[in-house]
Amino acid sequence: MNPYKQKVERQFNRAASTYDRYADIQREMADRLLKQVDLLNPPPRRILEIGCGTGYLTKRVTHAYPDATIVAVDLAASMVRSAREHVSESKRVRFLVGDAETMDFHAYAPFDCILSNAAVQWFSQPGETLARLAEAVSPGGWLWFTTFGPETFVELNRLFHEVESRMGLARSRHTLPLSPSSEWRRLFDEAGLSSVRVRSFRRSVIYSDCRHFLRSIQKIGASYGTSPHPPLQSGRLLAEVIRQYDQRHRTEDGVQVTYQWLLMGGMKSGRKRIP
């Protein structure tokens, strides 16, 4: 496993016990994703879930499709242990620990539907991975994903860049790079998927203050980034960003944070299933 994925694995292993408490947006995304899958005709009977996390979507899928068999994968062993506890009543789910970008799914394929909620933004090779996953889908089957869009945390990114400029620091990235819907559409097309659909959603969430917002990000296994600046400058930079954030984005109830997320799907050529 490469160093990047090792870091991601550590983050999510640490967050397994706190994830559900802070993952409101992720649950909203999962609910919307499942509503889209519910439109498939006929309903899927073999399902692969990428990035099952603590099992929220997995459990909902087992209830929605009582005749389906499910393979649920996550990079973090602690997340998979939590998911097993949440869906312990189901004997139709095979849980796997590993990196979906490198795993061989041929032993379980073909799948009528591959699902992934708030996980594909962690792919290091999204184009190659989508193409490989598409090979595991049965003709007429679908890939349906949700992921975060580039407008997510737009306020935080803007402030980091402004404060870096005032402090004479080189501009750097402080959040995960997130692709726009046009890029995901291109990757779906290149993976050989047809009837590609991409929808964008935007939502403002209120946190008590900026520190609570940043702490919440860490509690779900994500991060607002590691600074390339020397430690002393990094500390001053973050402190000023927090101060400015609490001033500029204050509402009556707390501070405002923008989330953008994308719902996207594509069908493998073959007998058409109506989504």
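A few remarks follow.
- Selection within segment 162-217 - part of a loop (DSSP other than H, G, I, E, B), over 20 Å from residue 261 (Cβ atoms) and under 20 Å from the mean Cα position of the chain (by Cα): 191
- Residues of segment 100-129 classified as at negative phi and touching a strand residue (DSSP E or B) at 6+ places or on another chain (Cβ under 7 Å), total: 15
Every residue, every condition in (1) on the phi > 0 side of the Ramachandran plot; (2) surrounded by fewer than 17 Cβ atoms within 10 Å (Cβ to Cβ); (3) polar (S, T, N, Q); (4) modelled with pLDDT of 85 or more, yes or no:
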| site | (1), (2), (3), (4) |
| --- | --- |
| 222 | no, no, no, yes |
| 231 | no, yes, no, no |
| 241 | no, no, no, yes |
| 251 | no, yes, yes, yes |
| 259 | no, no, no, yes |
| 263 | no, no, no, yes |
| 268 | no, no, no, yes |
| 274 | no, yes, no, no |
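- Which numbered condition residue 133 fails, given (1) modelled with pLDDT of 95 or more; (2) within 25 Å of residue 60 (Cα to Cα); (3) surrounded by fewer than 20 Cβ atoms within 10 Å (Cβ to Cβ); (4) not acidic (Asp, Glu): (3)
- Residue check, residue 138 out of contact with any Pro (no Cβ under 8 Å at 6 or more places or on another chain) and either buried (at least 16 other Cβ atoms within 10 Å of the Cβ) or at pLDDT 95 or above (or both): no
- Residue-level analysis places residue 81 outside the set of residues that are touching a residue at least 60 places away in the same chain (Cβ under 8 Å) and either in contact with a Gly (Cβ under 7 Å, 6 or more places away or on another chain) or more than 26 Å from residue 12 (Cα to Cα) (or both).
- Residues that are in contact with a helix residue (DSSP H, G or I) (Cβ under 6 Å, 6 or more places away or on another chain), assigned to a helix (DSSP H, G or I) and modelled with pLDDT under 95 do not occur anywhere in segment 88-95.
- Scanning segment 102-144 for residues that are part of a loop (DSSP other than H, G, I, E, B), free of Cβ contacts under 8 Å to residues at least 60 places away in the same chain and under 21 Å from residue 198 (Cβ atoms) yields 123, 125.
The values are calculated or read from the model by the stated rules, or taken from the named source; none is laboratory data. Since the model is a prediction, treat every value here as computed from it, not as a measurement. For neighbour counting, all protein chains shown are included, and Cβ atoms are generated from backbone atoms with ideal geometry for every residue, glycine included.
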